[in-house]
1. Given (1) 71, 46, 36; (2) 65, 48, 39; (3) 57, 57, 51 as candidate values of Cα extents along the principal axes in Å, which corresponds to the one derived from the coordinates?
2. Any idea which of Val98, Pro108, Pro138 is furthest toward the positive side of the dipole for the range 90-179, if Lys and Arg beta-carbons carry +1 and Asp and Glu beta-carbons -1?
3. Take the chain, connect every pair of alpha-carbon atoms lying under 10 Å apart with a spring to form a Gaussian network, then pick out the residue of Asp99, Asp254, Asp123 with the largest mean-square fluctuation.
4. Using a 7 Å offset from Cα along Cα-Cβ at Asp77, what residues in the range 195-232 end up with backbone N under 16 Å from the label point?
5. Please state the relative contact order of the range 217-344 as a whole percent: Cα pairs under 8 Å, 6+ residues apart?
6. Could you identify which residue out of Thr76, Thr88, Thr226 has the top mean-square fluctuation in a GNM of the chain using Cα springs shorter than 10 Å?
7. Starting from the 7 Å offset along Cα-to-Cβ, what nm value, one decimal, do you get for the label separation of Asp164 and Asp365?
8. By its C-alpha gyration tensor, with a ≥ b ≥ c as the square roots of the eigenvalues, how is the range 38-129 shaped: rounded for a/c under 1.5, else prolate for a/b larger than b/c, else oblate?
Amino acid sequence: MLVRMIAPAIGAICLFIGASQARAEVPPGPGIDAAVVQLMQDTGARGIAVAVIDDGRVVYVQAYGDRNAAGDPLTTDTIMYGASLTKTVFAWSLLQLVDRGVVDLDRPVAEVLPDLPSMYDADIANRYSDWRGLAEDPRWRTITPRIALTHSTGFLNFGWMEPDERIRIHFDPGSRYAYSGDGMILLQFMLEKGLGRDVGGDIQTGIFDPLGMTNTSLIWRPDFATNLADGWKADGAIEPHDERSKVRAAGSMDTTIHDIALFAAALIRGDGISPAARAEMVRPQLAITTATQFPTLQPDLPPERRRPDLQAGLGLVTFTGPQGPGFYKGGHNDSTGNTLVCLERGRRCIVILSNDVRSEAGFGDLVRTVLGESGVPYDWEYGAAHWGAGALSGAHTKPSSLR
């Protein structure tokens, strides 16, 4: 397979990478190129894009491989699916509203939407979720934005996973971590139906426009079609890019590696929100007590087997590794693998967008090459046995209209 943008002296570069695995400094571009080449060779991935932030500045952006089955090149301006990186962008936007006094992280959603379980019609259920399953469970009234942003609502990932496709609460809200996209959708519903806001508009004017993210949107734009990434599944089958017609706070963002690098740099610097809000976002808020992130509902580990370095922040996961505190967020569907990892020390990040889910198996090595030993918990994210699509099967795959 032809891999684009590689350095000529691969052998010498690979020797450099092997000698620098433990270094905290960001390697020069040829070292990153060689690591990506190795990842693609090892996993069979057809396309991947990488951005690196150092001291809060974007220092490297590159794309490799193909954007579609025709072999058109993946570029730094190719539109790629952001998947659940959307959740971190949404959390950032919500914290902007906290700074303005529009939202209180600890005010129950029920104070804004007192009749939530009865707010149902076909349009609401199609765009948001079916809240009727909450009618017999008063615990929904305790859910706050903080609880939803720390994935502790008690919901499954999505209500359509329930036998009757209605959202249910499976444990006391706020008591434990269990990944739920519908927790984010509940906050979107609160903002749009309870407070009369436009989530897509708020994110556009509060984040994308100020940062110059001109090729990023939470809803499909026709101009995206000229340079668009399709995706490859675990079996090598091609999946066309979905033209998402609804803003979904849980995962409808289309973006480019160039644009998401600008967001990651702002995130590590703390631009766009108050220092207090930024500190709250990356503060360890809730212990994570399961062996892996998926499936959403699984038994807690015994206390002696839990990872004290792993906690939920707001719209992201925090960890503490050899270089101190960091945070990360992943994004995945059948043909997408994304990750954003940041270390507070040195204000350094790596963002990886891939239109081939097979690439996820190599993320750990690539992150290590760029950031050094960081402690990012990929064994928890993907499962220790297999960092690839096999470990993610059933994790949070969902109909394209809900991605």
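Taken together, the values in this text are just the output of simple stated rules run on the coordinates, not laboratory data. Fair warning: this is a prediction, and the values are worked out from it, not measured in the lab. Counting neighbours? That spans all protein chains shown, and the Cβs are built from the backbone with ideal geometry, glycine included.
1. Given (1) 71, 46, 36; (2) 65, 48, 39; (3) 57, 57, 51, the calculated one carries the label (2).
2. Comparing the listed Cα positions along the dipole, Val98 ranks first.
3. Of Asp99, Asp254, Asp123, the Gaussian network model singles out Asp123 as fluctuating most.
4. Counting only backbone N, you get 212-217, 222-229.
5. On the way: 156 pairs, mean separation 25.7, N = 128.
Result for the range 217-344 is 20 percent.
6. Looking only at Thr76, Thr88, Thr226, the largest GNM fluctuation is found for Thr226.
7. 5.0
8. Values: a/c = 3.75, a/b = 1.83, b/c = 2.05.
Because a/c hits 1.5 or more and a/b fails to exceed b/c, the range 38-129 counts as oblate.
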